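A.B. asks: Starting off with a structure, shown below.
The values are calculated or read from the model by the stated rules, or taken from the named source; none is laboratory data. Please read these numbers as outputs of a predicted model, since none were measured by experiment. When we count neighbours, we look across all protein chains shown, and the Cβ atoms used for this are built from the backbone with ideal geometry, even at glycine.
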Amino acid sequence: MSLRFSILRNLICLLLVLLPACNEVNQISNSGFGAFEADIEVLDADTVAIAWYDTRHSQAEIYLRLLDHRLEPISAEFRLSENNVESYEVDIVALGENIAASWYEIDASKHSVVKLGLWNRQGEQLWLKTLTAAGVDARIPVLEVTAQGLFVAWLESDVATDSQTTAAAIVGEWIDPAGLSHTGPFKIAAASINTWNLNVDIDSSGDSTTVFLAFDAQYETVASELYLARISDRGIEVNRLTDDDGYTSKYPDIALGDGRLALTWFDNLFGNNEIYLTVRSIADLSSAQVIANLELGATRISRSEGDSIGAYLAWNGNSLGLAWSDSAGDQHDVYFQQLDVTGNPQSDIRQLSHTEADSLIPSINSFASGFVLAWNEVTVNAHDAQTNLSRSEIVVALIE
């Protein structure tokens, strides 16, 4: 371990307060510039993978690192993309002993494409392909592993001819472990240009695989509302979950467990963004009647004066882990709460980060008897300036 890396890690430990011990918190990126939007995946009982985008080479590139069960690095920082375009919003899954990763790239002309590839645990690329056509702009892919291989979905629109273009669609594709398509791309649902979040989970309990995909869209509604798509051998069914009430409902995440779907999102119903949660049966969320009572019956998790954003879920047995970012003022910190199968609290809300940085976009997964989380600590945010002006690193934490 380099002296610089050791110093950075010790600073994180001094600044972060987690239970039960600081040795469960690690800084795992060594960018020195900007490391953002981590995605965490458990490969097995002893191995965790983290992927993110990184601006250490003056443009956004995709990186991956492996950790052991103590969340200590056991590999180098593997660079998965290396070209003259910007690469963002990676999603990873374990595919057998290997790791599949999907992200989108934007070139100098602002044309964007979705990439999908497979790597072994030594960081060697096994295959890499572009999923989308030249005539569309595509972004925010999400990825899940199935018994047959991979399911990937993304948002796409025709290459814009004017700045007023608003039409967009969610597109999916089934891919085998060798990278070959089973179906070719197919349309799942209409969306909108301001759709910036897709999340999926898989139900393989029956005779066939069913994909559940949650997203928000301002499609024939006053503001963005929540939708749930069900994709199976029987076809595609899409239901709007929230009422067209004029209040923005955004960034849903879902987690499937024992026939029930947990759904979280943030909503502007009371004038600022707050986190909401509901746990429903699959049949209930597929009902046209759900719109009438989902929002009113949901649990309001956060009650801060600032924006509560970026909520993500994971089941571990009968326990549901929920992580999000919340701001009491100008700065965001990461919070966590554990809930039961009905969505009732099993723990108090815990503030996991206590830094002077902005703690943003937590990713969560079940691990052993608890949960692992990753997020980025932003000390200098240059989001709308040159990418190499940002200062941010990826942090991981264990909750038992």
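A.B. asks: Select from segment 273-332 the residues that are within 21 Å of L261 (Cβ to Cβ) and of a type in the set (K, R) and list them in ascending order.
C.D. replies: Those that are within 21 Å of L261 (Cβ to Cβ) and of a type in the set (K, R): R280, R300.
A.B. asks: With the condition kept exactly as written, say whether any residue in segment 363-370 is in a loop (DSSP other than H, G, I, E, B), exposed (fewer than 14 other Cβ atoms within 10 Å of the Cβ) and among the polar types (S, T, N, Q).
C.D. replies: Looking for residues that are in a loop (DSSP other than H, G, I, E, B), exposed (fewer than 14 other Cβ atoms within 10 Å of the Cβ) and among the polar types (S, T, N, Q), one finds at least one in segment 363-370, hence yes.
A.B. asks: Next up: Out of D348, D358, D333, D340, report the one residue that is farther than 28 Å from N26 by Cβ and among the charged types (D, E, K, R).
C.D. replies: So the residue among D348, D358, D333, D340 that is farther than 28 Å from N26 by Cβ and among the charged types (D, E, K, R) is D340.
A.B. asks: If you don't mind, there's one more thing I want to ask. Here are some residues: T132, T183. Which one is crowded, with 20+ Cβ neighbours inside 10 Å and not in a strand (DSSP E or B)?
C.D. replies: Going through T132, T183 in turn, just one is crowded, with 20+ Cβ neighbours inside 10 Å and not in a strand (DSSP E or B): T132.
A.B. asks: Sort out which residues of segment 284-297 are more than 20 Å from W324 (Cα to Cα) and either surrounded by 11 or more Cβ atoms within 10 Å (Cβ to Cβ) or touching a strand residue (DSSP E or B) at 6+ places or on another chain (Cβ under 9 Å) (or both), and write them in order of number.
C.D. replies: D284, L285, S286, S287, A288, V290, I291, A292, N293, L294, G297
A.B. asks: When you check L66 against the structure, is it more than 17 Å from the chain's Cα centre (by Cα) and in a strand (DSSP E or B), yes or no?
C.D. replies: Here the answer is yes, as L66 does meet what is asked.
A.B. asks: In segment 311-340, what residues are surrounded by fewer than 16 Cβ atoms within 10 Å (Cβ to Cβ) and within 15 Å of V279 (Cα to Cα)?
C.D. replies: G317, N318, D340
A.B. asks: Could you grab the pairs with beta carbons closer than 9 Å, sequence gap of 6+ or different chains, first residue in segment 33-51 and farther than 17 Å from D91 by Cα, second one of a type in the set (K, R) and in a strand (DSSP E or B)?
C.D. replies: F33/R391; G34/R391
A.B. asks: In segment 231-255, which residue that is in contact with a helix residue (DSSP H, G or I) (Cβ under 8 Å, 6 or more places away or on another chain) and in a strand (DSSP E or B) is surrounded by the most Cβ atoms within 10 Å (Cβ to Cβ)?
C.D. replies: S249
A.B. asks: Need a quick list: strands (runs of 3 or more DSSP E) entirely within segment 266-328 having at least 3 residues that are more than 25 Å from A229 (Cβ to Cβ) and aromatic (F, W, Y).
C.D. replies: none
A.B. asks: Which residue is surrounded by the fewest Cβ atoms within 10 Å (Cβ to Cβ), if the candidates are limited to segment 186-203 and must be touching a residue at least 40 places away in the same chain (Cβ under 8 Å) and part of a loop (DSSP other than H, G, I, E, B)?
C.D. replies: Here the residue is W196.
A.B. asks: Mind counting the residues in segment 33-68 that are touching a Phe, Trp or Tyr at 6+ places or on another chain (Cβ under 7 Å) and at positive phi?
C.D. replies: Of the residues in that region, 1 qualify.
A.B. asks: Which members of segment 257-274 meet the condition of being surrounded by fewer than 13 Cβ atoms within 10 Å (Cβ to Cβ) and at pLDDT 95 or above?
C.D. replies: Once the filter is applied, which keeps residues that are surrounded by fewer than 13 Cβ atoms within 10 Å (Cβ to Cβ) and at pLDDT 95 or above, segment 257-274 yields nothing.
A.B. asks: Shifting gears a bit: Those residues that are acidic (D, E), over 29 Å from G370 (Cα atoms) and crowded, with 18+ Cβ neighbours inside 10 Å, I need them from segment 31-87; list them, please.
C.D. replies: Hits for segment 31-87 are E61, E86.
A.B. asks: Let me ask something else about it. Taking the criterion of being crowded, with 19+ Cβ neighbours inside 10 Å, farther than 24 Å from Y88 by Cα and in contact with a Phe, Trp or Tyr (Cβ under 7 Å, 6 or more places away or on another chain), would at least one residue in segment 350-361 satisfy it?
C.D. replies: Yes.
A.B. asks: Of everything in segment 378-397 that's at pLDDT below 95 and touching a Leu at 6+ places or on another chain (Cβ under 8 Å), which residue is surrounded by the fewest Cβ atoms within 10 Å (Cβ to Cβ)?
C.D. replies: Looking at the filtered set, the residue picked out is V380.
Matching residues to (1) among the hydroxyl-bearing types (S, T, Y); (2) in contact (Cβ under 8 Å) with a residue 24 or more places away in the chain:
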site: I231; (1), (2): no, yes
site: G235; (1), (2): no, no
site: V238; (1), (2): no, yes
site: S249; (1), (2): yes, yes
site: L256; (1), (2): no, yes
site: L261; (1), (2): no, yes
site: F266; (1), (2): no, yes
site: S286; (1), (2): yes, yes
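A.B. asks: Related question: Check I175 against each of (1) under 20 Å from G135 (Cα atoms); (2) β-branched (V, I, T); (3) touching a residue at least 40 places away in the same chain (Cβ under 8 Å) and name the one condition it does not meet.
C.D. replies: Single failed check for I175: (1).
A.B. asks: Starting from residues that are over 13 Å from W103 (Cα atoms) and hydroxyl-bearing (S, T, Y), keep the ones in segment 56-88 and report whichever is modelled with the highest pLDDT.
C.D. replies: S75
A.B. asks: Against the definition (at pLDDT 95 or above, of a type outside the set (F, W, Y) and closer than 21 Å to E37 by Cβ), how does L277 come out, yes or no?
C.D. replies: Judged against the criteria, L277 is not a match.
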